Amino acid sequence: MSHIDGGRTASPAAELVEISYQLGSEHRDWASVAEGIVSALLGEGSMLVKASGSRMRDAGPADFVQVRLANLLEVLDDADAGDPEVRAAFDGSLVHPVGRRPSVESLLHAVCLTDGRARVVAHTHPVAVNVSCAPAAPNSWTSARSCVS
Ligand SMILES: [Zn+2]
């Protein structure tokens, strides 16, 4: 049964594939370089989330991983956690270790699905936002402090 649409139609993975495809479609320019993440709350304290390294418009069911939310939330609450602890939390969060990891941005999705009480979360990197954040000259990246003027 799907938790995304109340059980009307497809599996969560199939629905996330469709959402990912729609948001990542090139003609929309919503996902620069096909970047973005989609996730859905599943039962038993887990979420299904797009794996790192997959592209929005090309993601298939195998590009999603199920992770335990508690592992991600625990590392978020650990003020002393560094890269090794985050990496370990991600590895430990996988319900079915399949050789793929969730995106590091899954931490944001975990918060939205728990504290935010969302059922589905999607975010993209729209071309328009990336353009407005780009500095006038490539060598000024290092001096750019903000993309908001
Ligand atoms: Zn992102």
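The values are calculated or read from the model by the stated rules, or taken from the named source; none is laboratory data. From a predicted model like this one, the values you see are computed outputs, not experimental measurements. Every residue, glycine as well, gets a Cβ built from its backbone with ideal geometry; the counts of neighbours run over all protein chains shown.
Just checking, how many residues over the range 46-82 are over 30 Å from Trp30 (Cβ atoms) and not aliphatic (A, V, I, L, M)? Give the derivation first.
Taking the range 46-82 first, the residues over 30 Å from Trp30 (Cβ atoms) are 70, 74, 77-82.
After this cut, where a residue has to be not aliphatic (A, V, I, L, M) as well, the list is 74, 77-78, 80, 82.
Adding up the residues that qualify gives 5.
Matching residues to (1) of a type in the set (S, T, N, Q); (2) in a strand (DSSP E or B); (3) modelled with pLDDT of 95 or more:
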| residue | (1), (2), (3) |
| --- | --- |
| Met47 | no, yes, yes |
| Gly53 | no, no, no |
| Val67 | no, yes, yes |
| Val75 | no, no, yes |
| Asp78 | no, no, yes |
| Arg87 | no, no, no |
| Arg100 | no, no, no |
| His109 | no, no, yes |
| Trp141 | no, no, no |
Within the range 46-81, track down each residue that is more than 22 Å from Thr124 (Cα to Cα), polar (S, T, N, Q) and touching a residue at least 24 places away in the same chain (Cβ under 8 Å). none
What are the residue pairs meeting all of these: first residue in the range 23-42, first residue within 16 Å of the ligand (Cβ to nearest atom), second residue among the polar types (S, T, N, Q) and in a helix (DSSP H, G or I), Cβ atoms under 6 Å, and 6 or more apart or on different chains? Ser32/Asn130; Val38/Ser20
So which pairs qualify, if the first residue must be in the range 99-126 and more than 23 Å from Asp83 (Cβ to Cβ), the second must be acidic (Asp, Glu) and within 11 Å of the ligand (Cβ to nearest atom), the Cβ gap must be under 8 Å, and the two must be at least 6 apart or on different chains? Thr124/Glu35
Unmet criterion (only one of (1) farther than 18 Å from Ala110 by Cβ; (2) surrounded by fewer than 16 Cβ atoms within 10 Å (Cβ to Cβ); (3) at pLDDT below 95; (4) out of contact with any helix residue (DSSP H, G or I) (no Cβ under 6 Å at 6 or more places or on another chain)) for Pro61: (4)
Filtering the range 111-139 down to residues that are among the polar types (S, T, N, Q), within 23 Å of Trp30 (Cβ to Cβ) and at pLDDT below 85, which residue is farthest from the chain's Cα centre (by Cα)? Ser132
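For the range 91-115, name all the residues that are of a type outside the set (Asp, Glu) and within 16 Å of the ligand (Cβ to nearest atom).
The first filter runs over the range 91-115 and keeps only residues of a type outside the set (Asp, Glu), leaving 92-104, 106-114.
Answer for the range 91-115, where residues must be of a type outside the set (Asp, Glu) and within 16 Å of the ligand (Cβ to nearest atom): Arg101, Pro102, Ser103, Val104, Ser106, Leu107, Leu108, His109, Ala110, Val111, Cys112, Leu113.
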Testing Gln22 on (1) in a loop (DSSP other than H, G, I, E, B); (2) out of contact with any strand residue (DSSP E or B) (no Cβ under 7 Å at 6 or more places or on another chain), one condition comes back false. Which one is that? (1)
